[in-house]
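Engineer: One structure, pasted below without further comment.
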Amino acid sequence: MSQTPPFQIKIVPVTPFQQNCSLIRARNGSIAVIDPGGEVDRLIAEADAWDGKIEKIWLTHGHLDHAGGAMELKEKTGAIIEGAQEEEVFWLSQISEQIKRFGTHMEAKNVTPDRWLDDGDTVELDGNVFEVIFTPGHTPGHVVFFNRHMKIAFVGDVLFKGSIGRTDFPRGDHATLIASITEKLWPLGNDVQFVPGHGPLSTFGHERQSNPFVGDAVVGRAGANTQGPG
């Protein structure tokens, strides 16, 4: 007899950027929302349809398409905001400026997390523990959320299927990003599935075999920068 999984995942692409916002529902109905970039009322409706209550908001980083709806979601649900790492104040404190820069008509507020996170910390949802992995490079305070039991990672804009995150934004660094992927993510295991900030899911093993920027065949030699989707 198969056991009910300890949590379920629903991926909801939001905003014109089609950012993968993830809703995690524990068995008791509590929900964590990872990277609510916008369309807050839609996210709340998704939680209601799932017979759940949004209690946690987890941020991988502070770019508009990932954090733009965080404060509104907190105001409407009472959920607490955890993440990213404290260096991400650089981006979270200027979300309103990002709106002007991207020329979008989105409404968004600067974010003040209830709790900053750092490497080795954990976040929790109804007993489900997610490890926090500090993965700078795309942004200075980027983090990844990893559940070891289910072997799944929510990687924001660090890694994509067939690509890696952009490093041409302020305080991005290509070499740091490569190190974050190869030194922090690869050791978690080839069988780990990951949810990227944009696009389809993949596994670390698949990317080690085929990713043209960070696969095993190219690690150790200079790789060209990428203008990836994030």
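The values are calculated or read from the model by the stated rules, or taken from the named source; none is laboratory data. The structure presented is a predicted model; accordingly, all values stated were derived computationally and were not measured. Heads up, the Cβs are rebuilt from the backbone with ideal geometry, glycines too, and the neighbour counts pull from every protein chain shown.
Engineer: If I go through segment 64-94 residue by residue, how many of them are closer than 21 Å to residue 198 by Cα, assigned to a helix (DSSP H, G or I), touching a strand residue (DSSP E or B) at 6+ places or on another chain (Cβ under 8 Å) and not acidic (Asp, Glu)?
Structural biologist: Of the residues in that region, 4 qualify.
Engineer: Something else now. Give all pairs with beta carbons closer than 9 Å in which a residue from segment 188-214 that is farther than 22 Å from residue 148 by Cβ meets a residue that is part of a loop (DSSP other than H, G, I, E, B) and among the hydroxyl-bearing types (Ser, Thr, Tyr); count only pairs at least 6 apart in sequence or on separate chains.
Structural biologist: 212/226; 213/226
Engineer: So which residues in segment 160-185 are part of a loop (DSSP other than H, G, I, E, B) and not acidic (Asp, Glu)?
Structural biologist: Going residue by residue through segment 160-185, those that are part of a loop (DSSP other than H, G, I, E, B) are 161-162, 165-173.
Hits for segment 160-185 are 161, 162, 165, 166, 167, 169, 170, 171, 172.
Engineer: Please find, within segment 66-113, the residue that is farthest from residue 155 (Cα to Cα) out of those that are at pLDDT 95 or above and of a type in the set (Asp, Glu).
Structural biologist: So, considering only residues that are at pLDDT 95 or above and of a type in the set (Asp, Glu), the one farthest from residue 155 (Cα to Cα) is 75.
Engineer: To continue, here is another question. Hey, could you check segment 138-160 for residues that are small (Gly, Ala, Ser) and within 12 Å of residue 201 (Cα to Cα) and say which is surrounded by the fewest Cβ atoms within 10 Å (Cβ to Cβ)?
Structural biologist: Among those that are small (Gly, Ala, Ser) and within 12 Å of residue 201 (Cα to Cα), it is 153.
Engineer: Given 59, 92, which one is touching a His at 6+ places or on another chain (Cβ under 9 Å) and within 20 Å of residue 128 (Cβ to Cβ)? Can you show your working first?
Structural biologist: Details: 92 fails: within 20 Å of residue 128 (Cβ to Cβ).
Of 59, 92, the one residue that is touching a His at 6+ places or on another chain (Cβ under 9 Å) and within 20 Å of residue 128 (Cβ to Cβ) is 59.
Engineer: Say we look at segment 166-192 and pick out the residues that are in contact with a helix residue (DSSP H, G or I) (Cβ under 8 Å, 6 or more places away or on another chain) and on the phi < 0 side of the Ramachandran plot; which of these is surrounded by the most Cβ atoms within 10 Å (Cβ to Cβ)? Give the steps one after another, and end with the answer.
Structural biologist: At the first step, the residues of segment 166-192 found to be in contact with a helix residue (DSSP H, G or I) (Cβ under 8 Å, 6 or more places away or on another chain) are 167, 170-171, 185-186, 188-192.
Filter again for on the phi < 0 side of the Ramachandran plot, leaving 167, 170, 185-186, 188, 190-192.
On the way: 167: 20, 170: 9, 185: 23, 186: 17, 188: 17, 190: 12, 191: 9, 192: 21.
So, considering only residues that are in contact with a helix residue (DSSP H, G or I) (Cβ under 8 Å, 6 or more places away or on another chain) and on the phi < 0 side of the Ramachandran plot, the one surrounded by the most Cβ atoms within 10 Å (Cβ to Cβ) is 185.
Engineer: Just name the residue that is farthest from residue 187 (Cα to Cα) out of those in segment 95-154 that are basic (Lys, Arg) and in a helix (DSSP H, G or I). Step through it out loud before you land on a result.
Structural biologist: Filtering segment 95-154 down to residues basic (Lys, Arg) leaves 100-101, 109, 115, 148, 151.
Next, only the ones that are in a helix (DSSP H, G or I) stay: 100-101.
Numbers: 100: 39, 101: 37 Å.
The selected residue is 100.
Engineer: Now for a separate question. Can you tell me how many residues in segment 110-150 are under 17 Å from residue 65 (Cα atoms) and either in contact with a Ser or Thr (Cβ under 7 Å, 6 or more places away or on another chain) or of a type in the set (Ser, Thr, Tyr) (or both)?
Structural biologist: Counting residues in segment 110-150 that are under 17 Å from residue 65 (Cα atoms) and either in contact with a Ser or Thr (Cβ under 7 Å, 6 or more places away or on another chain) or of a type in the set (Ser, Thr, Tyr) (or both) gives 7.
Engineer: Also, I was wondering about something else. Out of the residues in segment 126-166 meeting the condition of being within 16 Å of the chain's Cα centre (by Cα) and among the polar types (S, T, N, Q), tell me which one is farthest from residue 3 (Cα to Cα).
Structural biologist: 139
Engineer: Residue 131 - would you say it is surrounded by fewer than 20 Cβ atoms within 10 Å (Cβ to Cβ) and either within 20 Å of residue 20 (Cβ to Cβ) or aromatic (Phe, Trp, Tyr) (or both)?
Structural biologist: Numbers: surrounded by fewer than 20 Cβ atoms within 10 Å (Cβ to Cβ): yes; either within 20 Å of residue 20 (Cβ to Cβ) or aromatic (Phe, Trp, Tyr) (or both): yes.
Considered against the rule, which asks whether it is surrounded by fewer than 20 Cβ atoms within 10 Å (Cβ to Cβ) and either within 20 Å of residue 20 (Cβ to Cβ) or aromatic (Phe, Trp, Tyr) (or both), residue 131 comes out as yes.
Engineer: Further question on the same structure: Give just the number: which of (1) surrounded by fewer than 18 Cβ atoms within 10 Å (Cβ to Cβ); (2) within 25 Å of residue 26 (Cβ to Cβ) does residue 217 not satisfy?
Structural biologist: (2)
Engineer: For a quick check of your reading of the model, give me the residue pairs whose first member lies in segment 76-105 and is closer than 20 Å to residue 144 by Cα, whose second is at pLDDT 95 or above and acidic (Asp, Glu), with beta-carbon atoms closer than 6 Å and at least 6 apart or on different chains.
Structural biologist: These pairs meet every condition: 79/55; 80/114; 81/114; 85/118.
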